[in-house]
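Nothing in this text is a laboratory measurement; each read-out follows from the coordinates by a stated rule. Model, not experiment: these values are computed from the prediction. Because the Cβ atoms are built from the backbone with ideal geometry, glycine has one as well, and the counts that use them run over all protein chains shown.
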Amino acid sequence: MGKVRKTKGEDDEVLGVTRGGTVITEELAEQWADEFEKNPPDPSVFERRYVGRPSLGKAGHSPRVSFRASPKLFKAAWKRADDEGRSLSSLSREALERYLKS
């Protein structure tokens, strides 16, 4: 899909904002849906991404661990998580626990 910039009108409800700063309104979402239906992308180029994370702690807070990985390791981890029907987070957590016990 082409990059579309939309300025927010006074009557437009903001549904979200993309990383690039595009304000997503109902009108823009409909335009994107129409474009998607007319020219659907090739599913083989999709990558699975999670957007929501469940809380692990009381009061709705959980500590997070972030680290960098090579693209090769990242793709291999996603493949294994997919093959095992698990999330990347659970796979990473298990690997870290196993490492710390050794």
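Key figures
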{"quantity": "Gain upon complete extension [Arg19, Lys79; 0.36 nm per residue less C-alpha separation]", "calculated": "19.0 nm"}
{"quantity": "Ranking of Asp82, Asp42 by count of other Cβ atoms within 10 Å, fewest first", "calculated": "Asp42, Asp82"}
{"quantity": "Local net charge near Ser92, Cβ-Cβ under 12 Å (Lys/Arg +1, Asp/Glu -1)", "calculated": "+3"}
